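First the structure, in the form of structure tokens, and then the observations on it.
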Amino acid sequence: MRVEGIVQGVGFRPFVYSLATSLGLGGLVGNDVDGVFAEVEGPAEAVTRFLAQLEQDAPPLSRIERVTTKTITPNGTSSFIIAPTQSGGARTTLVSADSAPCADCLAELADPADRRFGYPFINCTNCGPRFTIVKDVPYDRALTTMARFEMCRLCAAEYHDPADRRFHAQPVCCPACGPRLRLLDAAGKDMAGPELPGQSGAGQPGAGDPVAAAASLLRAGQIVAVKGLGGYHLAVDAGSESAAAALRARKHREDKPFAVLVADLAAARALCAVDPAAQALLTSARRPIVLLPRNAAGAAGAGAAAPSVAPSVAPGNRQLGIMLPYTPLHHLLLRETGRPIVLTSGNVSDEPIVYIDAEALAQLAGIADAFLTHDREIHIRTDDSVARVFRGRPALVRRSRGYVPEPLRVPLAFARPVLACGSELKNTFCLGRGQHAFVSHHIGDLENMQTLRSFTEGIEHFRRLFDIEPQVVAHDLHPEYLSTKYALDLADATGVELAGVQHHHAHIASCLADNAQRGPVIGVAFDGTGYGPDGTIWGGEFLIADLAGFERAGHLTGVPLPGGAAAIRQPWRMAAVYLDAACPAGIPAGLEVARRNEGSWANVLTMARRGINAPVTSSAGRLFDAAAALLGVRDVINYEGQAAIELEQLADVAERGSYPARITADGPGGQLRAAGADLIGAAAADLMAGAAPATIAARFHNGVTTLIADTCTALRDRCGLATVALSGGVFQNQLLSGAVVSELTERGFTVLVHSRVPCNDGGISLGQAVVAAARDQLAAG
Ligand SMILES: [Zn+2]
Ligand SMILES: [Zn+2]
Ligand SMILES: [Zn+2]
């Protein structure tokens with residue numbers, strides 16, 4: 001028997017061992033480069049039961065992809081052994097993702113009689129750190145950051161006992177031999193520890209237990225940096241307004257919501273509505289941050305927070321990002337603090353999360369009052385994953401810790417190994433081999449040296465881990481993206497073949513791959529910015545696409561982007577150009593957005609009309625920006641997508657009114673153009689007539705929904721396709737995507753949405769990879 005998938009480092013051999021021995025079967029089980037192999041012999045019905053239970057009861061962290069069997073001649077053994085590991089050959093086995101502590105480990109953690117009572121690094125083959133500590137393969141302790149901790153006699157006995165839950169658990173350790181916690185002050189001096197937990201209990205800074213001491217700092221309103229699985233977090237008491245506000249000020253994070261770590265489901269329910277699908281996500285071993293609707297107290301008035309979360313945690317947001325503890329340390333810390341804590345990435349502003357101890361002390365010194373740290377190194381920086389539930393299915397917003405490096409099965413095989421370099425913002429990269437796409441952890445925006453280093457080092461690491469030597473390198477068409485430049489440099493240096501993939505085609509291909517489909521479909525790619533082959537900036541696109549190619553069948557009518565990047569930072573500029581397009585007879589006087597920006601309003605319009613530093617864009621993101629600025633939501637943004645996010649929050653979800661938009665077939669070859677300006681014109685008229693901004697925001701959303709559905713219907717009439725794939729960051733808007741799916745479904749379309757990878761640019765690398773694979777297949781005939 002051969003078992004392929006994630007079957008190493010997850011307790012598979014001891015599982016097979018105990019299953020076989022419990023059924024009285026003889027034989028052996030072992031690991032090799034392809035996964036796990038086993039031979040069993042005994043009564044036929046026992047062998048049948050063995051095969052059935054093998055798949056049914058497989059260890060929680062394993063992911064069986066394929067089991068193949070063949071009949072061999074029995075050699076008459078009744079004993080069962082674990083065969084020594086063989087080495088050599090190509091690596092096709094898979095490293096598993098990091099996992100939250102299992103129930104058995106949590107029980108030991110809480111048991112005063114257990115030798116790992118209160119030990120913050122407890123783990124076993126069913127749980128614990130994996131991807132973040134692995135330096136190389138095969139997955140073996142010597143090639144992890146646990147190598148420096150020599151196992152004590154007791155741990156070694158467990159490690160070598162096939163019947164033990166810790167058999168070959170590479171990170172196995174205990175208070176006697178494993179990593180230790182320390183609590184440091186802002187200057188890096190010891191405040192508590194490294195004594196063992198439970199030895200002293202004073203709970204005061206300077207006393208023995210670092211967790212208790214850190215908890216008392218948190219309760220006193222201080223900011224504590226906490227070393228987690230994939231990097232450092234900054235923690236404060238979620239109920240303390242002064243602490244949350246101080247964290248915002250010191251982190252230079254003005255508006256973006258913070259995530260909250262709560263002890264359990266009951267604590268999550270005290271803050272948010274948790275439906276069964278959300279519960280499954282929250283409690284899964286992957287433990288993403290789950291975006292949840294706040295309970296009535298928080299959802300009632302805009303900006304009002306539920307009583308136990310301070311207003312500054314997630315200002316003006318109907319949702320809250322909640323996660324449950326995913327390390328033993330989190331469990332201990334929450335037990336000591338007794339209340340929810342904010343847990344946000346340890347970084348300044350938009351820099352990547354800090355994960356190296358010395359860098360943490362240096363970079364977070366101005367933010368954190370203390371550091372709860374330890375001596376188990378993090379090998380690879382990994383942010384928390386972010387997910388939500390959309391129509392009963394998980395939808396990842398950021399795919400990282402807990403999911404990576406688990407591969408995604410793709411709808412067509414990679415004939416040659418592919419590296420896809422991804423986008424500029426929310427970058428991920430992707431390696432493809434066989435049926436597997438290895439999408440990387442969230443790298444971030446490739447705009448500073450640190451992120452770029454994460455990108456290049458990450459690619460090297462993945463290539464080593466999965467033993468992939470890319471023969472094709474896929475990249476965005478934007479020549480200035482650092483990911484594009486990396487691809488071109490690599491081709492220069494190695495002669496590897498390049499595959500340029502248009503940004504919105506990559507979005508639609510990503511959605512197809514996410515749904516294990518190959519198309520063709522009507523693809524709706526609505527996002528902020530993507531390089532268009534015609535020299536304009538695309539972003540409100542209707543494509544007839546399959547994995548190999550696309551045709552631009554329609555798009556939002558282009559408008560000028562006055563000042564380029566400045567127009568992205570200042571949504572009021574988009575209000576100006578959209579009003580200009582909507583009102584050929586002149587923008588009506590008396591609009592607040594014009595008055596608020598009167599100093600530059602006329603100049604921006606002149607620039608736009610003359611086409612000076614004003615490239616043409618069909619971006620859907622900019623259309624939402626225009627509506628947001630018109631309604632007084634926001635003239636200038638502090639983070640990407642902020643105006644659109646706040647516009648969604650403003651909308652009155654009960655409002656059914658809508659604005660019409662003209663769709664004309666006057667583009668080249670009958671290409672459809674949808675007049676987004678009509679929506680802005682109607683919104684301005686409503687505003688002048690005294691309609692409430694919340695009502696107008698809803699009518700605008702409904703108008704965009706109808707525009708999308710009408711365009712798709714026109715394309716279906718034309719080409720006969722009745723499946724629509726929705727992708728692009730704009731579809732993170734739940735109000736919009738919910739309405740669009742409903743409307744399209746009602747009109748008889750099959751609708752594909754993202755689930756396993758984000759609809760935003762985090763999914764671009766997967767799309768690029770499958771496009772390259774599809775073109776390869778096409779070329780091969
Ligand atoms: Zn465990
Ligand atoms: Zn030990
Ligand atoms: Zn995009």
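Regarding A163, is this residue in contact (Cβ under 8 Å) with a residue 60 or more places away in the chain, small (G, A, S) and either in the same structural domain as H461 (by TED's automatic domain parsing) or under 24 Å from F371 (Cα atoms) (or both)?
Details: in contact (Cβ under 8 Å) with a residue 60 or more places away in the chain: yes; small (G, A, S): yes; either in the same structural domain as H461 (by TED's automatic domain parsing) or under 24 Å from F371 (Cα atoms) (or both): no.
Judged against the criteria, A163 is not a match.
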_So, in region 580-604, how many residues would count as being assigned to a helix (DSSP H, G or I) and closer than 17 Å to D635 by Cβ?_
13
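Only residues that are part of a loop (DSSP other than H, G, I, E, B), more than 13 Å from ligand 2 (Cβ to nearest atom) and within 14 Å of V172 (Cα to Cα): list them for region 103-159, please.
First pass over region 103-159, keeping only residues part of a loop (DSSP other than H, G, I, E, B): 110-123, 125-126, 129-133, 135-140, 145-152.
Imposing the further condition that a residue be more than 13 Å from ligand 2 (Cβ to nearest atom) reduces the set to 110-113, 117-118, 120, 125-126, 129-133, 135-140, 145, 147-148.
Of everything in region 103-159, those that are part of a loop (DSSP other than H, G, I, E, B), more than 13 Å from ligand 2 (Cβ to nearest atom) and within 14 Å of V172 (Cα to Cα) turn out to be P120, T125, N126, P129, R130, I133, Y139, D140, T145, A147, R148.
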*Looking only at residues in region 334-364 that are aliphatic (A, V, I, L, M) and touching a helix residue (DSSP H, G or I) at 6+ places or on another chain (Cβ under 7 Å), which one is surrounded by the most Cβ atoms within 10 Å (Cβ to Cβ)?*
V342
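When you go through S765, S737, S727, S755 one by one, which is the residue that is under 15 Å from L647 (Cα atoms) and touching a residue at least 40 places away in the same chain (Cβ under 8 Å)? It would help to see each step written out before you state the result.
Working: S765 fails: under 15 Å from L647 (Cα atoms); S727 fails: under 15 Å from L647 (Cα atoms); S755 fails: under 15 Å from L647 (Cα atoms).
When all the criteria are applied, what remains is S737.
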*Every residue from region 730-779 that is touching a strand residue (DSSP E or B) at 6+ places or on another chain (Cβ under 6 Å) and acidic (D, E)*: D776
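Working only within region 674-694, note down all residues that are of a type in the set (G, A, S) and more than 36 Å from the chain's Cα centre (by Cα).
Applying the first criterion (of a type in the set (G, A, S)) to region 674-694 yields 674-677, 681-685, 689-692, 694.
Scanning region 674-694 gives G681, A682, A684, A685, A689, G690, A691.
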*Select from region 522-571 the residues that are under 18 Å from A628 (Cα atoms) and either within 16 Å of ligand 2 (Cβ to nearest atom) or among the hydrophobic types (A, V, I, L, M, F, W, C) (or both) and list them in ascending order.*
F526, L556, V559, L561, A565, A566, A567, I568
*Give the residues of region 133-160 that are touching a residue at least 40 places away in the same chain (Cβ under 8 Å) and within 16 Å of ligand 1 (Cβ to nearest atom), sorted by residue number.*
I133, M146
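Which fully enclosed helices (runs of 4 or more DSSP H) of region 681-781 have 1 or more residues being farther than 27 Å from L292 by Cβ and among the β-branched types (V, I, T)?
In region 681-781, the matching helices (runs of 4 or more DSSP H) lie at 693-719, 764-780.
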*Given the residues P171, P162, which is the only one that is within 30 Å of F80 (Cβ to Cβ), away from ligand 2 (no atom under 16 Å from the Cβ) and part of a loop (DSSP other than H, G, I, E, B)?*
P162
_What pairs come out if I take residues in region 395-421 that are under 20 Å from A285 (Cβ atoms) and pair them with residues that are among the basic types (K, R) whose C-beta lies under 7 Å away, six or more apart or interchain?_
A395/R388; L396/R756; V397/R388; G402/R286; G402/R287; Y403/R286; E406/R63; L408/R756
*Report whether or not I637 is in the same structural domain as C583 (by TED's automatic domain parsing) and either assigned to a helix (DSSP H, G or I) or in contact with a Ser or Thr (Cβ under 6 Å, 6 or more places away or on another chain) (or both).*
no
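Applying the selection to region 255-296, what residues are among the charged types (D, E, K, R) and either buried (at least 22 other Cβ atoms within 10 Å of the Cβ) or more than 16 Å from L343 (Cα to Cα) (or both)?
Let us first name the residues in region 255-296 that are among the charged types (D, E, K, R), namely 255-256, 264, 269, 275, 286-287, 294.
If the condition is that a residue be among the charged types (D, E, K, R) and either buried (at least 22 other Cβ atoms within 10 Å of the Cβ) or more than 16 Å from L343 (Cα to Cα) (or both), then R269, D275, R286, R287, R294 are the ones that fit.
Has region 404-427 got any residue that is in a strand (DSSP E or B) and within 16 Å of the chain's Cα centre (by Cα)?
Of the residues in region 404-427, the ones in a strand (DSSP E or B) are 408-420, 427.
So of that shortlist, the ones also within 16 Å of the chain's Cα centre (by Cα) come out as 408, 427.
Scanning region 404-427 turns up at least one residue that is in a strand (DSSP E or B) and within 16 Å of the chain's Cα centre (by Cα).
Could you pull out every one of the strands (runs of 3 or more DSSP E) wholly within region 1-71 that has 2 or more residues that are on the phi < 0 side of the Ramachandran plot and charged (D, E, K, R)? Break it down stepwise before answering.
Working: elements: 2-6, 26-32, 35-41, 63-68.
Qualifying strands (runs of 3 or more DSSP E): 2-6, 35-41, 63-68.
Determine whether region 87-102 contains at least one residue that is touching a residue at least 24 places away in the same chain (Cβ under 8 Å), of a type in the set (S, T, N, Q) and in a strand (DSSP E or B). Write out each step before concluding.
Residues of region 87-102 touching a residue at least 24 places away in the same chain (Cβ under 8 Å): 87-102.
Of the ones still in play, those that are also of a type in the set (S, T, N, Q) are 87, 92-93, 96, 99.
Right, trim to in a strand (DSSP E or B) and you get 99.
Yes, because at least one residue in region 87-102 is touching a residue at least 24 places away in the same chain (Cβ under 8 Å), of a type in the set (S, T, N, Q) and in a strand (DSSP E or B).
Kindly indicate which of G128, G118 is at positive phi, outside the structural domain of D209 (by TED's automatic domain parsing) and free of Cβ contacts under 8 Å to residues at least 60 places away in the same chain. Quick ask: steps written out before the conclusion?
On the way: G118 fails: free of Cβ contacts under 8 Å to residues at least 60 places away in the same chain.
Going through G128, G118 in turn, the sole match is G128.
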_Conditions first: (1) out of contact with any Phe, Trp or Tyr (no Cβ under 7 Å at 6 or more places or on another chain); (2) within 25 Å of L623 (Cβ to Cβ). R518 passes all but one, so which condition is the exception?_
(2)
*asked:* Conditions first: (1) more than 12 Å from ligand 2 (Cβ to nearest atom); (2) part of a loop (DSSP other than H, G, I, E, B); (3) not aliphatic (A, V, I, L, M). C177 passes all but one, so which condition is the exception?
replied: (1)
*In region 437-462, what count of residues is obtained for those that are surrounded by fewer than 21 Cβ atoms within 10 Å (Cβ to Cβ) and either in contact with an Asp or Glu (Cβ under 7 Å, 6 or more places away or on another chain) or farther than 14 Å from I380 by Cβ (or both)?*
7
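Do the conditions hold for N126, that is, is it touching an Asp or Glu at 6+ places or on another chain (Cβ under 9 Å), within 16 Å of ligand 1 (Cβ to nearest atom) and at pLDDT below 95? Let's see the steps before the verdict.
Values: touching an Asp or Glu at 6+ places or on another chain (Cβ under 9 Å): yes; within 16 Å of ligand 1 (Cβ to nearest atom): yes; at pLDDT below 95: yes.
It is true that N126 is touching an Asp or Glu at 6+ places or on another chain (Cβ under 9 Å), within 16 Å of ligand 1 (Cβ to nearest atom) and at pLDDT below 95.
Can you tell me how many residues in region 144-181 are of a type in the set (K, R) and crowded, with 21+ Cβ neighbours inside 10 Å?
Keep residues of region 144-181 that are of a type in the set (K, R), which gives 148, 153, 165-166, 180.
Subset that is crowded, with 21+ Cβ neighbours inside 10 Å: 166.
Number satisfying all stated conditions: 1.
The values are calculated or read from the model by the stated rules, or taken from the named source; none is laboratory data. This one's a predicted model, so the numbers in the text were calculated from it and none came from an experiment. We place every Cβ from the backbone using ideal geometry, glycine too, and count neighbours over all the protein chains shown.
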